[in-house]
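The values are calculated or read from the model by the stated rules, or taken from the named source; none is laboratory data. Here the structure is a predicted model, which means the values were calculated and not measured. Here the Cβ positions follow ideal geometry from the backbone for every residue, glycine too, while neighbour counts run over all protein chains shown. The accessibility values were calculated without ligands, DNA or RNA, using every heavy atom of the protein model including side chains. Shrake-Rupley method; radii C 1.70, N 1.55, O 1.52, S 1.80 Å.
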Amino acid sequence: DMSMKRSLRAQRGASLIEVLVSILIVSVGIVSLAGLLAKSTQLAKASEFRSVAGLLAADMADRVKANIPAVTAGTYDMTPAALQAAAPGNAATACISAAAACTSAQMAAYDLAQWQQTLFNGLPSGTGYLQYDAVGQAVDLWLAWLDPTALAVGNDEEYKNLTSNCPAAFQALDPRPSCMYFRVGL
């Protein structure tokens with residue numbers, strides 16, 4: 001009879017220590033999930049910027065392929081030394097209508113102005129860098145932007161990875177931009 005009383009007392013409920021340990025384990029799990037959610041949100045935004053950059057690069061690739069005389073003349077070359085800090089001015093209106101008689105240089109100026117505006121609006125401080133390679137008959141095209149989530153990271157190795165695809169002029173910028181490189185064959 002005495003052993004039965006002891007076993008009933010042992011089964012009455014969880015002790016305070018067991019409850020505290022289970023609360024601690026659940027808390028650690030919740031904090032881990034919160035960190036995972038924050039990182040996944042950061043990576044989703046970075047992925048969105050890369051997708052937009054790819055679309056904008058394809059847009060410029062189509063533009064340069066449609067105006068090869070201006071490309072070979074160097075009219076599409078755009079080699080800024082820094083990211084755009086403010087929205088560029090409006091594009092020249094001479095070539096807006098399909099009926100307008102534009103020279104290849106006017107069309108290139110219109111394309112660049114329109115593209116720069118779209119870059120700035122689509123990516124944070126979005127900037128384009130284009131350079132014609134006469135030997136390879138291609139245009140080297142970089143898109144650069146400031147990734148707001150990367151600015152908070154103090155790890156210099158991660159910054160080096162961000163700028164590894166940047167043109168030389170952008171690799172020394174502070175804060176360092178994220179870049180994507182494309183080569184457009186003519």
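So here's what we get for this one:
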quantity: Qualifying residue in the stretch 38-57 (condition: closer than 30 Å to Thr103 by Cα, assigned to a helix (DSSP H, G or I) and open to solvent by 50 Å² or more (accessible area, probe 1.4 Å)); calculated: yes
quantity: Single condition Ala34 does not satisfy, out of (1) under 30 Å from Asp140 (Cβ atoms); (2) at pLDDT 85 or above; calculated: (1)
quantity: Flag if Asp62 is of a type in the set (Asp, Glu), at pLDDT 90 or above and over 19 Å from Ala144 (Cβ atoms); calculated: yes
quantity: In the stretch 61-70, residue surrounded by the most Cβ atoms within 10 Å (Cβ to Cβ) [restricted to those that are within 16 Å of Cys95 (Cβ to Cβ) and in contact (Cβ under 8 Å) with a residue 12 or more places away in the chain]; calculated: Ala70
quantity: Output for the stretch 113-145, where each listed residue is small (Gly, Ala, Ser) and open to solvent by less than 10 Å² (accessible area, probe 1.4 Å); calculated: Gly126, Gly128, Ala138, Ala144
